[in-house]
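Here the structure comes first, spelled out in structure tokens, and everything after it is commentary.
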Amino acid sequence: MLATSLGSPAPFGQSQFALVRGNAFEKKVKADGGTELLRLLFERLGSGADAPGEATVPDLTAAGPAGRAARTALALREATAAGGWALLDHPMLALEVAGSPAYLEPDAVVVHPDGTWTVVEIKSFPMVDSSADAAKVGAAARQSAVYVLALERIAEVTEGAEVGHRVLLVCPKDFSNLPTASVVDVRKQRAVTRRQLTRLTRVEDIAAALPEGTTFDPGCSPEELGSAVDAVPAAYAPECLAACELAFHCRAKARAEGAVETLGRSVRGELGGLTTVAGVLAAAAGKEGDPADPTVAALRRAAALRAEALESPGSRGGGAACH
Amino acid sequence: MTAVLDPGAAAARATDAILGDTLRGTARGIVVDSPPGAGKSTLVVRAALELAAAGRPLMVVAQTNSQVDDLVVRLAEKAPDLPVGRLHSSDSDPYDKVLDGLDNVRKSAKAADLAGLDIVISTAAKWAHVKNVEPWGHAIVDEAYQMRSDALLAVAGLFERALFVGDPGQLDPFSIVGADQWAGLSYDPSASAVSTLLAHNPELPQHRLPVSWRLPASAAPLVSDAFYPFTPFRSGTDHGDRRMSFGVPSDGSGPDRVLDEAAESGWGLLELPARHTPRTDPEAVRAVALVVSRLLDRGGAATSERSPAPVPVTADRVAVGTAHRDQAAAVRAALTELGVTGVAVDTANRLQGREFDVTVILHPLSGRPDATAFHLETGRLCVLASRHRHACVVVCREGVADLLDEHPSTEPVQLGVTVKFPDGWEANHAVLAHLREHRVPWRP
Amino acid sequence: MSLITTLARLEAVDSGRAQPLATVRHRHLTDRPLVLVPLTTAGEAGAPLGALVGTDRAAPRLITVAQPRDRDLRFAFLAELAEAVLPHIESYADAGEPAERNETDPGTGKKVKVEVELCTDAAQLIVPSRAGIDFVRLLGRSMRFRRTVEDDPDTPYPAPARVPLLGRWLTHYGERARVPGSSLLLAATDLLNRHWATGQSSLEDQHLGALLAWIDPPEGEPGSAAALRAEAGRDRAGQLFCPPAGPATDPAFDNRLLAPAIERYDRARTALATAEDGLAADARLGELSGAEREIRSLLAGVLRPTWDAVWRGLDLLAELPEGARAEDRWTRDRWSFTGHRDRVRAGEPPQPRRDDAVTAAQKLASRETAQAQLEAQEALDDPLVLAGRRLAGEAFVGVVTDVEMAYSESKRPSPRPLVTVRTDERPHLGERTKVYRSLDGKPQTAEFVAYVPEESEGVLDGGSADEEILLVLRITDRMGRGKEPAPGSVPEPGDRFAWTLFEHDQRGGPKLPDPEDTPWTHGGPPGAAADGPAEKPDPVTAEDLL
């Protein structure tokens, strides 16, 4: 919406086929009080405990995110004290970042009889022959790590509770809509997120580190965000196109400035202090730059070799090429 | 309070347990994790000699020709009369000429020529071509974490049982083509030999050498925490056991001040002003060269448990480590210009397994506009930060912490792959946080 | 990315047009490629929506699924796809020529030559994008374990007869596409990106429409503007001018056009099922086929621009002359094609779900060899690729200034001439580094001896760039068996050659154990594992139908 109002539409939105399918899958996984979900969890992570026959599914409804978060914390404490299996469907977790609370909503959290809390993520991408798209699994792992961190804050003040660093990822199996699951160890992502949260001070960086759908309280108005967009220094990189609605806007700006990052982050790595297309080309052409600067020297060598290869009769099948 | 073993006793106990399993155990494989400078080569040589002495001929698998030649020399030092076979390739110059001077060593490109010798040593690549021989009862696989699973597949038929020794914190083996389709399989051919071995044989005894004899007391905790969080180790020496001093006092320049800081604390960070630079950042390259040249000019000398009297830190005891080959070449040229010769200047890959008194490192992220997976690789930083006995000086541009923040770790995750620790992004932050306490800002 | 490529991209930005990255075509193109443009249903794995397929650009065959969740309709789609693809493959499979292959005699362990048949050409398959290759693989996986009535009369939901076979072929193509330099299955975007640098990032280069906009922009319009229109331009109804090249569709297309059309189709089908008399049924059948026609026309509308784009890309590529060594790699593709044909004909089971340890290691090794070979061959075929290697210090061009005869120190001395070469490049030469030059198409080896000190003093190995240096190489082979080198085998003063630090040919790796001899370190022989034989069909449940 914001992107559209800024005049740079990005190809975003979700197909209703995917949406319907995703919702149907999550519903199926959690049907019958989560029987299938708990079966999968027990199979993958249930060491030592009795198989979950009947699990408690506490009611988590409350007014407002803060109320729901308080309700969730209470339910976690009660379930842990009860010492049985409990399934928390869409609990609400609060995590303080840069001084203000952010509210997070995992798909589910399961309380084991021994007091372990396991984060459950339900995704609609498939696991075909036990493997799945690594980029998507990575994103799910980072998302889950934030939930684990938020849960750890509650577990600290809950007797007998411990948050599992192994989360359960549930996906459709092969080409069916039958659920299957895999355990993902999120210790790395947890460590990274923990350090990020202590280091980040800018709201937009924090927002980027948190899962989609996180709500801030109080939220930013679109106008505030809009002005924030232009205030952010030119940090555009092509990766933004897949992740952010505003990327087309930033790209247009970066291109107008002639920023070399528009060609990819890795491009910058070899260009040292040169940051604009015109600057690099002028240096390569020998019009600007200090030949003692290794970047300039390498550019000139590259330009000369490229020109030689394109012009020489070699490019037509003779000359210096190894024929 | 439980009695804490002194380092020597702790190390001896570990070694005894390893040799006990090797000589008397029944497991087909034994895995030994060895942190930097924990005496891996000594262990390999000792295990080989004891097996041979017990009348059990063995084959030794190492990863590079120089590792093989080095082991042959070490064996000859310990047992000059023991018949050792050096199996080599049929290329020209297949082994170090030093071996020609060793009477106990027979060299051949054919395994059959070496049959019956107590110990036969070669690279994994060469062993892979050996066919139709009677399998050995025993093998020692050195640098097993740097060996790829497919390389082990090619040689595992040659032996009945094996001792696998290696450092899990160093650079992982890699493949020049994608291997994602096998990720998560226990026998992923691009994974390390040890991960495949343990995935199929989780019951094998696993040992750990608990003491680094190389790293000083100032470095072991940092390297252990940052790179071996789940398999900690300690230094064999204590604070004060190793000292470094200079005959010539500081001239107050950045390089001299950072050398003093490093001599005092074991670490020094020479921080240049923030700037995006090419890989061969001329200022940083020159700063590295200056630090090395001042170290030598000022008459650096070190005392240690090996020698209470000061021993000069000469050029051969100093190394410069970089991430890229062109950086190493640029540093070499800068050193030549300053008239410094004899200092090892190389990339992390080539410094693996080597030891020096002082190292000077060009930080892999210095001056970079981006942090790629290559530059964040845990093993690279670990190798660079764990080569020294006395001190390590890092030369870096300001702003790396911010750079890391801008490039949060967004690694893809393959299902079923055992997580390897730690994360490069996190380890880089941890090392930087420590280095900041030894920071000498300098504007060249 | 090498600096030369970066420079080409920057030049593209500056000129508004893509710039060449190659002077020859590095992939073989057959004269009759089969183009396949597939679409899939969002949010679902392996539920095809439609496809254009064929070898005649003017007459693609349109195959569609009116309701992607209906298993019968999906099978009908796959059966029709098999009908479109398999005859094409089979026409190549049936034409062979005699050839020789090295095999190891199981009795003696010796290498022997065996007379076999090699297909004279192989069927080439082109998809629009890399995601299309993944989809071919996924389709292959979803089909090859299906059972037909012939396989098992009792199988529930049997698949149409030729579907499993198509699955096996698509699996083979998908797997072969992972071999560097192979051309059996190619993505148009990969082909174009190999030969041109655009003024955008490699991420944006995955968009076929935007990529073509840079390579071949409309008269008078800069590539960036044309690319932006291809990426984001929409008509009044909110539909993209240039729909995604698939297999994913644009969400706006799904939501605004396709979903309502599928709903109409579903309604018409329900209505037909409840029709009470023949007359009503006729009318409702008319509605149903109307709804189906609408879906077909919608899908054709979003498939056709991609279809045309793929052919336009192939036209552009055809203008480049083929690299000399591309044919050699194509021959390997023909061996691969023939090998799969033989396995199918021998009645072997479909490819397993996951490779066993030995197969995985073999594939990795052969791909690494193929990668090294591809890099070497492209550099040897193309001065522009060689330029990148020269910049990286992995090759250099120099002029021979002096040749001095010398001999090896052995009982029968062989010629080891010392050749002095002048160059202004900075190859990464170390002590006895080997270098190679091409002599009558075969590599000749030399080793680096030393730099020649110039008259003036100077640093020998680090002199500033562009300065000319002299270096001495010792030629070590390809000079014949005599004491004197064969005529023409030693360079002469004035000769200008390219020398490479990389080898021109690749040796294969060591022979791995047979799968049944898989060692204990790798879990022992497969089949002993608990999960049993891999080629069981996927369990078929009612859940398949969504």
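The values are calculated or read from the model by the stated rules, or taken from the named source; none is laboratory data. Just so it is clear, the model here is predicted, and its values are computed rather than measured. FYI the Cβ positions are ideal-geometry reconstructions off the backbone, even for glycines, and counts take in every protein chain you see.
For this structure, a couple of remarks:
- Inter-residue pairs, beta-carbon under 7 Å, first closer than 16 Å to C:Tyr92 by Cα and in the range C:121-133, second basic (Lys, Arg) and modelled with pLDDT of 95 or more, 6+ apart: C:Asp121/C:Arg334; C:Ala122/C:Arg334
- Among (1) assigned to a loop (DSSP other than H, G, I, E, B); (2) on the phi < 0 side of the Ramachandran plot, the one test that C:Gly209 misses: (1)
- Considering the range B:76-123, and only residues there that are more than 24 Å from the chain's Cα centre (by Cα), in a helix (DSSP H, G or I) and hydrophobic (A, V, I, L, M, F, W, C), the residue that is nearest to C:Ala446 (Cα to Cα) turns out to be B:Ala111.
- Any hit, the range C:294-305, residues being assigned to a helix (DSSP H, G or I), among the aliphatic types (A, V, I, L, M), under 24 Å from the mean Cα position of the chain (by Cα) and closer than 25 Å to C:Ala58 by Cα: yes
- Criterion violated by C:Lys536 - all others in (1) assigned to a loop (DSSP other than H, G, I, E, B); (2) modelled with pLDDT of 90 or more satisfied: (2)
- Residue list for the range B:332-376, restricted to those being within 19 Å of B:Ala391 (Cα to Cα) and among the aliphatic types (A, V, I, L, M): B:Val343, B:Ala344, B:Val345, B:Ala348, B:Leu351, B:Val358, B:Val360, B:Ile361, B:Leu362
- Listed by position, the helices (runs of 4 or more DSSP H) enclosed by the range B:333-444 that each have at least 3 residues that are within 14 Å of chain A (Cβ to nearest Cβ) are B:373-376, B:400-406, B:424-435.
Conditions tested, residue by residue: (1) within 19 Å of the chain's Cα centre (by Cα); (2) not β-branched (Val, Ile, Thr).
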| position | (1), (2) |
| --- | --- |
| B:Glu203 | no, yes |
| B:Pro210 | yes, yes |
| B:Val223 | yes, no |
| B:Gly240 | no, yes |
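- Residue match in the range C:72-93 (condition: in a loop (DSSP other than H, G, I, E, B) and either in the same structural domain as C:Arg168 (by TED's automatic domain parsing) or in contact (Cβ under 8 Å) with a residue 40 or more places away in the chain (or both)): no
- Taking the range B:382-416 as the range and being free of Cβ contacts under 8 Å to residues at least 24 places away in the same chain and in contact with a Phe, Trp or Tyr (Cβ under 6 Å, 6 or more places away or on another chain) as the test, no residue passes.
- Scanning the range C:375-400 for residues that are of a type in the set (A, V, I, L, M, F, W, C) and surrounded by fewer than 20 Cβ atoms within 10 Å (Cβ to Cβ) yields a total of 3.
- Sole residue being crowded, with 19+ Cβ neighbours inside 10 Å and closer than 30 Å to C:Asp266 by Cβ, chosen from C:Val310, C:Val302: C:Val302
- Test: residue in the range B:173-194 that is free of Cβ contacts under 8 Å to residues at least 60 places away in the same chain, within 23 Å of B:Pro364 (Cα to Cα), of a type in the set (Phe, Trp, Tyr) and assigned to a loop (DSSP other than H, G, I, E, B): yes
- One residue stands out in the range C:322-361 among those that are of a type outside the set (Asp, Glu) and touching a Pro at 6+ places or on another chain (Cβ under 6 Å): the one that is farthest from C:Gly527 (Cα to Cα), namely C:Ala361.
- Residues satisfying the stated conditions in the range B:266-324, i.e. among the polar types (S, T, N, Q) and modelled with pLDDT of 95 or more: B:Ser293, B:Thr314, B:Thr322
- Selection within the range A:181-199: residues that are out of contact with any Pro (no Cβ under 9 Å at 6 or more places or on another chain) and of a type in the set (Gly, Ala, Ser). The member of this set that is nearest to B:Val417 (Cα to Cα) is A:Ser182.
- Within the range C:4-43, being away from chain A (no Cβ under 14 Å) and of a type in the set (S, T, N, Q) holds for one residue alone: C:Thr30.
- Which listed residue, of B:Gly299, B:Gly339, B:Gly379, is crowded, with 19+ Cβ neighbours inside 10 Å and in contact (Cβ under 8 Å) with a residue 40 or more places away in the chain: B:Gly379
- Test: residue in the range A:116-131 that is on the phi > 0 side of the Ramachandran plot, within 14 Å of chain B (Cβ to nearest Cβ), surrounded by fewer than 20 Cβ atoms within 10 Å (Cβ to Cβ) and touching a strand residue (DSSP E or B) at 6+ places or on another chain (Cβ under 8 Å): yes
- In the set A:Ala181, A:Ala141, only one residue is of a type outside the set (Lys, Arg), within 14 Å of chain B (Cβ to nearest Cβ) and farther than 25 Å from A:Asp50 by Cα; that residue is A:Ala141.
- Residue match in the range A:62-81 (condition: outside the structural domain of A:Ala243 (by TED's automatic domain parsing), outside any helix (DSSP H, G or I), loosely packed, with under 14 Cβ neighbours inside 10 Å and at pLDDT 90 or above): yes
- Qualifying residue in the range C:228-235 (condition: more than 10 Å from every other protein chain (Cβ to nearest Cβ) and either closer than 21 Å to A:Ala256 by Cβ or in a helix (DSSP H, G or I) (or both)): yes
- Candidates in the range C:428-447 are the residues that are touching a Leu at 6+ places or on another chain (Cβ under 8 Å) and surrounded by fewer than 20 Cβ atoms within 10 Å (Cβ to Cβ); of these, the one that is nearest to the other protein chains (Cβ to nearest Cβ) is C:Ser438.
Yes/no per residue for (1) polar (S, T, N, Q); (2) out of contact with any helix residue (DSSP H, G or I) (no Cβ under 6 Å at 6 or more places or on another chain); (3) in a loop (DSSP other than H, G, I, E, B):
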| residue | (1), (2), (3) |
| --- | --- |
| B:Asp241 | no, yes, yes |
| B:Pro278 | no, no, yes |
| B:Asp326 | no, yes, no |
| B:Ala329 | no, yes, no |
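To keep it simple, each residue is scored yes or no on (1) hydrophobic (A, V, I, L, M, F, W, C); (2) within 24 Å of C:Phe241 (Cα to Cα); (3) in contact with a strand residue (DSSP E or B) (Cβ under 6 Å, 6 or more places away or on another chain).
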site	(1), (2), (3)
C:Ala271	yes, no, no
C:Thr274	no, no, no
C:Ser289	no, no, no
C:Ala300	yes, yes, yes
C:Arg304	no, yes, no
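- When A:Gly64, A:Gly33, A:Gly46 are screened for being more than 21 Å from A:Phe125 (Cβ to Cβ) and free of Cβ contacts under 8 Å to residues at least 12 places away in the same chain, only A:Gly64 passes.
- So C:Gly463, is it closer than 30 Å to B:Thr336 by Cβ, within 14 Å of chain B (Cβ to nearest Cβ), at pLDDT below 85 and surrounded by 14 or more Cβ atoms within 10 Å (Cβ to Cβ): yes
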